[in-house]
Amino acid sequence: MEVTVQWIRTSWTKQSRGGAAATRRNAVPVGFTVPSAPLPSVAHVVRMHERDGFDPFEGLEDLRKVDVRLREVDGRLQVFPRVQPLFAIPPRPRRPPAVNLVPGQWVRWQLNYRFSSAAGVRGWSYWLDTFNVAYGPVSADAFLSTPTVFIDERGPLR
């Protein structure tokens with residue numbers, strides 16, 4: 001199975017919920033160029049956090065550590081992000097089914113989360129996970145274009 005996976009996680013706190021900080025957060029990319037020689041079973045991972053001014057930090061990670069289920073069935077690639085952790089899900093309707101891609105197609109799937117400390121001492125913190133998954137070989141700039149399929153599973157964060 002030849003697949004290209006990019007996982008982007010953007011993290012912030014209540015400080016970036018409004019004003020200039022929210023404008024900066026909302027302007028972060030949802031796709032990046034992938035390394036020129038992707039390795040099998042490896043995902044391109046990009047992290048951006050409020051404390052770093054939302055500057056991207058890129059690396060490679062074992063595909064098994066990425067929260068997305070990939071299965072090849074009858075010449076199609078089934079893509080379905082796992083929701084982790086369940087307690088952090090904002091209210092949203094029932095989850096959509098897995099996406100089935102044919103070779104040459106790709107999906108962008110977005111999920112968001114919100115967290116609070118167990119005792120409620122710290123304020124809320126938030127994540128946005130963006131999974132860009134392509135079935136088959138892609139050019140380095142593939143995830144800078146419009147996806148074949150876009151799933152927006154973001155819920156209200158309050």
| message | Looking only at region 3-153, where both bridge partners belong to it, what percent of the DSSP beta bridges are antiparallel (to the nearest 5)? | response | 75
| remark: Taking R9, R69 and counting other beta carbon atoms within 10 angstrom, the fewest-first order is R69, R9
| query | Quick one: if you take sqrt(5λ) for each eigenvalue of the C-alpha gyration tensor of the chain, what semi-axes come out, biggest first, whole angstrom? | reply | 28, 18, 14
| note | Along the dipole axis of the chain (charges at Cβ: +1 for Lys and Arg, -1 for Asp and Glu; origin at the Cα centre), the most positive-end residue among W12, P147, L60 is W12
| task | Provide the net charge surrounding Q84, with neighbours chosen by a C-beta distance below 10 Å and charges set as Lys +1, Arg +1, Asp -1, Glu -1. | result | -1
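Read the figures in this text as sums done on the coordinates, not as results from a lab. Since the structure is predicted, the reported quantities are computational estimates derived from the model, not experimental observations. Glycine gets a Cβ as well: all are built from the backbone with ideal geometry, and neighbour counts include every protein chain shown.
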